[in-house]
Amino acid sequence: MGPANYDLRSGPSQSSCREKARAEPPPATIPLPFPNPHRRPRCRAVGAMETVSRSKKCILGEEDHISRLPEAVLGDIVILLPTRDGGRTQVLSSRWRLLWRSAPLNIDIHERPLIRRIISAGEISSILSSHLGPDRRFCIPTRYLEDDGDPTATLDGWLRSPALDGLQELEFHYGSLRHSSGMPPLPPSARRLWPTLCVASFGACSFLDGDALHLPLLEQLSLMNVGISETSLHAFLAGCPSLQSLMLVESIDSCSCIRIVSRTLRSIGVRTFWREDRLQQLIIEDAPCLERLVLLGGSSGEEMVISVVSAPKLEIFGHLPAQCPRLEFGSTLFQGSCVVNSAMVMPSVKVLALTHADLSLDVVIGFMKCFPCLENLYIKMKTTCNQISCHNFYVPSAFVPTKPRETNAWRRKYQNIISTLDIRLKKIAVTTYRGNKAHANFASFFVLNARVLQSMVLEVDVRHNNDKAWIERQHAAD
């Protein structure tokens, strides 16, 4: 028996590796979705102009699948990108360069600082004249045209551009400009865009009586401090058969009363300010699809009246100020966040937002009786402002919470109503929670009696309740 042959190298010998390689088939290659940084391509360098076949690119994960998409899809991708990133796609290839120049354009300078005015009016005109594709959105924000020598002519010239043919969204606001006879008129060229507009927002302009205002595709309309008569406004709303959202901001000159009759409206928002020509009455006469009635900030005054005659699907209601306006739901009457008369219930309302000077359990229970199917309740606590006089100006020195006048003691007062009142609230949110006894009683009532309550959010004003003693009192109450 001869001596044994030993291979001093670690691992199997070369001969055994060759025999094993002949017996086993080569492993399958799995292409990675991205290039492997630890693997160098096994290709022979034949010069700088060497090209890699499609199969090798696929194996290396370097093939450009996005460029193989249809041009319509690529155009949508370019539109969704930020403007700077969309412009940079031109360096990818000649095809992407053409896509950028012909893709639908969105001109919206809301995010630009108006003080610096980075994009000038001349640059906007140049973009409209040189771009090969259509424009989907054209937005000129408030105060942008105030420094223009002839803003009405400038805006009218932009809207006449062929690039705006088929425009879907239009928004402009003249700002504080005033025409010799009042507000600047609506640009005449805007009327040619009526057939294709889906979203429109007009600010600080006037509508002439007798204008043919027919927008068959319009779904969202915002009127901000415009001049229009009641007859023209009602004709305007009647000429929008697809309208779903209406926003009335600031004042509507020459129109103190608005009557809503729409089979398609789903949302109405109102924001008015204290002026002689402010909106005084809003009547929702017939809105079978209305779901949201939102009162935004501002001071509408106690004289404003909102009457809801027919809105059977109304679900979201608020934000009701503390004292105004006056609201009429059939025979049920509210004055701000207080129930005056609850003769009729509205089971459709599920979301309610209120403003309270003092967190009052009595007021909330009154609303729950009017809205028996209420699920979400949002309450904002109103703060008072201590003011000091300084050179005939009132300067707020500090914002301090109003002193609570409600105790919200409920165990004896509502012991008979607890068994009969069906509380369906699932979420309660209270801002400026102060943690005093009245607020704690309010919270404990719903924690102990709202059987389906899922969430209660109590937001604390840290400006006044951040001391250690206040925090210890809250833990002691728990």
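The values are calculated or read from the model by the stated rules, or taken from the named source; none is laboratory data. Not measured: the values here are computed from a predicted model. We place every Cβ from the backbone using ideal geometry, glycine too, and count neighbours over all the protein chains shown.
S125 falls short on exactly one of the conditions (1) in a helix (DSSP H, G or I); (2) modelled with pLDDT under 85; (3) surrounded by fewer than 17 Cβ atoms within 10 Å (Cβ to Cβ), and that condition is (2).
When the range 221-241 is filtered for residues that are within 17 Å of G269 (Cα to Cα) and either among the polar types (S, T, N, Q) or free of Cβ contacts under 8 Å to residues at least 24 places away in the same chain (or both), the ones remaining, listed by number, are S222, N225.
Regarding the range 72-86, can at least one residue be identified that is touching a Phe, Trp or Tyr at 6+ places or on another chain (Cβ under 8 Å) and at pLDDT 85 or above? Checking the range 72-86: not a single residue is touching a Phe, Trp or Tyr at 6+ places or on another chain (Cβ under 8 Å) and at pLDDT 85 or above.
Considering S232, S176, the condition of being of a type in the set (S, T, Y) and out of contact with any Gly (no Cβ under 9 Å at 6 or more places or on another chain) is satisfied by S176 alone.
Among the residues making up the range 138-153, a single one is surrounded by 18 or more Cβ atoms within 10 Å (Cβ to Cβ) and modelled with pLDDT of 90 or more: F138. Pairing residues of the range 431-442 that are without any contact (Cβ under 8 Å) to a residue 60 or more places away in the chain with residues that are among the polar types (S, T, N, Q) and not in a loop (DSSP other than H, G, I, E, B), at Cβ distances under 7 Å and at least 6 apart in sequence or on separate chains, gives T432/T383; G435/Q474.
If you filter the range 407-433 down to residues that are of a type in the set (S, T, N, Q) and surrounded by 12 or more Cβ atoms within 10 Å (Cβ to Cβ), you find that the one that is nearest to K350 (Cα to Cα) is T431.
Results for (1) in a helix (DSSP H, G or I); (2) within 30 Å of E315 (Cβ to Cβ); (3) more than 21 Å from the chain's Cα centre (by Cα); (4) among the hydroxyl-bearing types (S, T, Y), shown as yes or no for each residue.
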| residue | (1), (2), (3), (4) |
| --- | --- |
| A200 | no, yes, no, no |
| D209 | no, no, yes, no |
| A212 | no, no, yes, no |
| F236 | yes, yes, yes, no |
| E250 | no, yes, no, no |
| R259 | no, yes, yes, no |
| R263 | no, yes, yes, no |
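Quick one: is P184 buried (at least 19 other Cβ atoms within 10 Å of the Cβ) and closer than 26 Å to C255 by Cα? Here the answer is yes, as P184 does meet what is asked.
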